[in-house]
Amino acid sequence: MAIVFAKEQKPIEMRAVYQQALVEILREHPQVVVMDADLVGASGTAKVFKEFPDRCINMGISEANMIGAAAGMSLVGKVPIIHTFAPFATRRVYDQLYLSGAYQKANLRIYGSDPGFTSGHNGGTHTSVEDLALMRAMPSATVLAPADATQFSWLLKETSKMYGIFYIRASRKGLKDIYDPASTFEIGKGVVLCEGSDVVIFAIGEMIEQALTAKDELEKSGVSVAVVDMFTVKPIDREIIEKMIVGKKLVVTAENHSKIGGLGSAVAEIMAENGYGIPLRRVAIQDRFGEVGLPDYLQKTYGLTKDDIIKAVSEVL
Amino acid sequence: MSDELKLFSAKIRLETCKMLAHRGFGHLGGALSIVETLSVLFGSKMAVDPHRPDWDGRDYFVLSKGHAGPSYYATLALKGYFPTEVLYTLNENGTILPSHPDRLKTPGVDTTTGSLGQGISLAVGIAKALKLDGKPNKVYSIVGDGECNEGQVWEAFQFAAHQKLDNLIVFIDENRKQLDGLTVDVNNPFDLRAKMEAFGFYALRVDGSSEQAISDAIDDCFAHQNQALCIVLDTVKGQGVDYFEKLMDNHHIRFASDSKAELDKAILELEKQVVSGGAQ
């Protein structure tokens, strides 16, 4: 792990990152195959499919068969990278991922795009608030939620060299740069983005930016805040949680996901097991379905802004 | 060839009946309907090496209707993948032979199947990957007619046809029954061969109790290139054992006094058949 923070925070389209990373991976690893379920245009990978017509397979609108066929391909040495929208990549094909994938030890990388509020105008039917919960409950699965373009690209490349079931959830749209492209990470290890003495915020994905902004505002009012990027939701980095909680007055988790079963639950489990007498606040989507609207509107509606983090802190301290 | 395969079929059927008699219950009907197909595949068509189950030159077999595990296991044991005594551990605690095939547990099992609809997707994936690598290995998969209730099966069929997977033969075991009764009563499959043809397959329908017919159909299929291949097997659930062929509810049988006596009788008859070289 070698972390270098980005000097300038500019939004980079994740689908452009996906396309670029795929090209590099396909060039470097001859056994990698890329699969999509009629969302090649939506995932920004049309150029990749054109450049590697044999190794990029449009499976059509048949996600169940896509997961099964990918698993079959992996049994004879192929290394599949699969994309579809997060709800179709997880809840629609859960049994296929579970049995054809994890149970028989197949080798799959699944990119589930536009989780939570980032599904925007596709609305409630295309919204996943539970993908992390589902994937956490799947034995052997590694569950990843990158914070920015650099981390997303690194995870795609790194997992292409590994064997197992890797679920990567990320928006297709722009996320602000947190890390400089020179950064490297370690799967299973959180990254301390800043230290602080009163509160620690464990955050993932889109909520990293909110957590960092909330930290700046809270510190103006005299509250010292640490922020940790928990991009590996499973296996959770127990060590960093135990270390960062010491001496804090409040623990906050922040995720673009249901408060049931995601990062907040993972942190709560460790806190409960260890018997810490420290309050926990989970900034997350309540037990509800998604709806249609602009991402900004949905983010506010679901209670996933920096203000929601500040409110959670203010209520306790 | 045919006499040898008839003998092999009799042996597979015998071992299947013996293991289920020992266990006292199991998926007898659907295991027996594919015996002749297993015999032709493992007895003559497939390139396999029981001493090297992971040999990369092997042909692949995917039992999509995973509940037929017992006759698959009997076939593998008779081929020498593991001792036939192991067959008696079917479903015992800690066994290498679970009800439904598990590639991580049993030598010779290429894929984990049993959640219906999923095996055929694995098979099309394996076939596609082999084609991408320009490898000559063949893939064979048996799907149940009841299993064709599953939508995923048709996703996989459409993919196979679109990709022109001519290195894969899809067998549909049309034994006309599923767990709750006749397929025509539960969820009518209509004309499976015609449906496969409409999907773009080169599709045949043959007597699934005839080793010769199955063998000829496989040769016929592989004479066709650039097209997906299907053989609908006209079979009987419980095939080869008169009492169980006639028993209506024969998907999963818990052998009680009558059925146990009939199973024991069948075992004696099959033993005679094996001794006499397979003739019925």
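The values are calculated or read from the model by the stated rules, or taken from the named source; none is laboratory data. Only a predicted model underlies this, so the values are computations on that prediction, with no experimental measurement involved. With ideal geometry, Cβ positions are generated from the backbone for all residues, glycine too; neighbour counts draw on all protein chains shown.
Regarding region A:207-222, can at least one residue be identified that is at pLDDT 95 or above and touching a Cys at 6+ places or on another chain (Cβ under 8 Å)?
Taking every residue of region A:207-222 in turn, at least one turns out to be at pLDDT 95 or above and touching a Cys at 6+ places or on another chain (Cβ under 8 Å).
For region B:163-197, which residues satisfy the criterion of being of a type in the set (Val, Ile, Thr) and either touching a Lys or Arg at 6+ places or on another chain (Cβ under 6 Å) or crowded, with 24+ Cβ neighbours inside 10 Å (or both)?
Within region B:163-197, B:ILE169, B:VAL170, B:ILE172, B:THR183 meet the criteria.
In region B:235-255, what count of residues is obtained for those that are in contact with an Asp or Glu (Cβ under 6 Å, 6 or more places away or on another chain) and either among the acidic types (Asp, Glu) or surrounded by fewer than 18 Cβ atoms within 10 Å (Cβ to Cβ) (or both)?
Matching residues across region B:235-255 total 1.
On the given criteria, is B:ARG52 free of Cβ contacts under 8 Å to residues at least 60 places away in the same chain and either closer than 27 Å to B:VAL232 by Cα or of a type in the set (D, E, K, R) (or both)?
yes
Could you please tell me which pairs satisfy a Cβ distance under 9 Å, a separation of 6+ or placement on different chains, a first residue in region A:199-211 that is without any contact (Cβ under 8 Å) to a residue 40 or more places away in the chain and among the basic types (Lys, Arg), and a second residue that is part of a strand (DSSP E or B) and surrounded by fewer than 24 Cβ atoms within 10 Å (Cβ to Cβ)?
none
Quick grid of which residues meet (1) modelled with pLDDT under 95; (2) over 20 Å from A:LEU212 (Cα atoms); (3) out of contact with any Pro (no Cβ under 7 Å at 6 or more places or on another chain); (4) outside any strand (DSSP E or B):
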residue: A:ILE241; (1), (2), (3), (4): no, no, yes, yes
residue: A:MET244; (1), (2), (3), (4): no, no, yes, yes
residue: A:ILE278; (1), (2), (3), (4): no, yes, yes, yes
residue: A:ARG281; (1), (2), (3), (4): no, no, yes, no
residue: A:ALA284; (1), (2), (3), (4): no, no, yes, no
residue: A:ASP296; (1), (2), (3), (4): no, no, yes, yes
residue: A:LYS311; (1), (2), (3), (4): no, no, yes, yes
residue: A:GLU315; (1), (2), (3), (4): no, no, yes, yes
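Among the residues of region B:123-135, are any β-branched (Val, Ile, Thr), crowded, with 24+ Cβ neighbours inside 10 Å and closer than 23 Å to A:PRO80 by Cβ?
There is at least one residue in region B:123-135 that is β-branched (Val, Ile, Thr), crowded, with 24+ Cβ neighbours inside 10 Å and closer than 23 Å to A:PRO80 by Cβ.
Across region B:91-104, which residue is nearest to B:ALA21 (Cα to Cα) among those that are at the interface with another protein chain (Cβ under 10 Å from one of its Cβ atoms) and charged (D, E, K, R)?
The extreme case among them is B:ASP102.
Under 7 Å by Cβ, and 6 or more places apart or on different chains, what pairs join a residue from region B:109-131 that is touching a residue at least 60 places away in the same chain (Cβ under 8 Å) and facing chain A (nearest Cβ under 7 Å) with one that is buried (at least 24 other Cβ atoms within 10 Å of the Cβ) and in a loop (DSSP other than H, G, I, E, B)?
B:LEU122/B:THR111; B:ALA123/B:SER64
Assess whether A:SER119 counts as being in the same structural domain as A:ALA170 (by TED's automatic domain parsing), surrounded by 21 or more Cβ atoms within 10 Å (Cβ to Cβ) and farther than 28 Å from B:LYS135 by Cβ.
Yes, satisfied.
Write out, first by first residue and then by second, each pair whose Cβ atoms fall under 6 Å of each other, whose residues are 6+ apart or on separate chains, and whose first residue, in region A:142-160, is touching a residue at least 12 places away in the same chain (Cβ under 8 Å) and not assigned by TED's automatic domain parsing to the domain that holds A:LEU108 while the second is of a type in the set (A, V, I, L, M, F, W, C) and buried (at least 24 other Cβ atoms within 10 Å of the Cβ).
Here the result reads none, with nothing in region A:142-160 linked to a residue that is of a type in the set (A, V, I, L, M, F, W, C) and buried (at least 24 other Cβ atoms within 10 Å of the Cβ).
Give me a count of the residues in region A:50-69 that are of a type in the set (A, V, I, L, M, F, W, C), within 7 Å of another protein chain (Cβ to nearest Cβ) and assigned to a helix (DSSP H, G or I).
The number of residues fulfilling the criteria is 2.
Taking region B:43-69 as the search range and keeping residues that are outside any loop (DSSP other than H, G, I, E, B) and more than 10 Å from the chain's Cα centre (by Cα), which one is nearest to B:GLY144 (Cα to Cα)?
B:TYR60
Do we find a residue being aromatic (Phe, Trp, Tyr) and under 19 Å from the mean Cα position of the chain (by Cα) anywhere in region A:103-125?
Checking region A:103-125: at least one residue is aromatic (Phe, Trp, Tyr) and under 19 Å from the mean Cα position of the chain (by Cα).
Which of the residues spanning region A:190-227 are basic (Lys, Arg) and surrounded by 18 or more Cβ atoms within 10 Å (Cβ to Cβ)?
Passing the criteria: only A:LYS215.
In region A:174-184, which residues are aliphatic (A, V, I, L, M) and surrounded by fewer than 18 Cβ atoms within 10 Å (Cβ to Cβ)?
A:ALA182 - this is the single residue of region A:174-184 that is aliphatic (A, V, I, L, M) and surrounded by fewer than 18 Cβ atoms within 10 Å (Cβ to Cβ).
Between a first residue in region B:185-207 that is on the phi > 0 side of the Ramachandran plot and a second residue that is surrounded by 19 or more Cβ atoms within 10 Å (Cβ to Cβ) and among the hydrophobic types (A, V, I, L, M, F, W, C), which pairs have beta carbons less than 6 Å apart while being 6 or more apart in sequence or on different chains?
B:GLY200/B:ALA161
Within region A:71-112, can you find the residues that are more than 11 Å from chain B (Cβ to nearest Cβ), among the charged types (D, E, K, R) and not in a helix (DSSP H, G or I)?
Hit for region A:71-112 is A:ARG109, nothing else.
All but one of (1) under 13 Å from the mean Cα position of the chain (by Cα); (2) of a type in the set (A, V, I, L, M, F, W, C); (3) buried (at least 22 other Cβ atoms within 10 Å of the Cβ) hold for A:ILE187; state the number of the condition that does not hold.
So A:ILE187 meets the others, but not (3).
Among B:VAL86, B:VAL109, which is the only one that is of a type in the set (A, V, I, L, M, F, W, C), crowded, with 24+ Cβ neighbours inside 10 Å and over 24 Å from A:ASP38 (Cα atoms)?
B:VAL109
What about A:VAL251, is it more than 16 Å from A:LEU193 (Cα to Cα) and either part of a strand (DSSP E or B) or in contact with a Lys or Arg (Cβ under 6 Å, 6 or more places away or on another chain) (or both)?
Against the criterion (more than 16 Å from A:LEU193 (Cα to Cα) and either part of a strand (DSSP E or B) or in contact with a Lys or Arg (Cβ under 6 Å, 6 or more places away or on another chain) (or both)), A:VAL251 does not qualify.
Can you pull out the residues in region A:85-106 that are farther than 20 Å from A:SER258 by Cα, out of contact with any Leu (no Cβ under 8 Å at 6 or more places or on another chain) and in contact (Cβ under 8 Å) with a residue 40 or more places away in the chain?
A:TYR98, A:ALA102, listed by residue number.
So A:TYR18 ticks every box in (1) outside any helix (DSSP H, G or I); (2) more than 10 Å from chain B (Cβ to nearest Cβ) but one. Which box is left unticked?
So A:TYR18 meets the others, but not (1).
Condition test on B:PRO70, is it surrounded by fewer than 24 Cβ atoms within 10 Å (Cβ to Cβ) and away from chain A (no Cβ under 14 Å)?
Taking the combined requirement at face value, the residue does not satisfy it.
Could you please find all residues in region B:198-234 being surrounded by fewer than 16 Cβ atoms within 10 Å (Cβ to Cβ) and part of a helix (DSSP H, G or I)?
Within region B:198-234, B:ALA198, B:GLN212, B:ASP216, B:ASP219, B:ASP220, B:PHE222 meet the criteria.
How do the strands (runs of 3 or more DSSP E) wholly within region A:139-203 filter down when requiring 1 or more residues that are charged (D, E, K, R): which remain?
A:165-170, A:174-176
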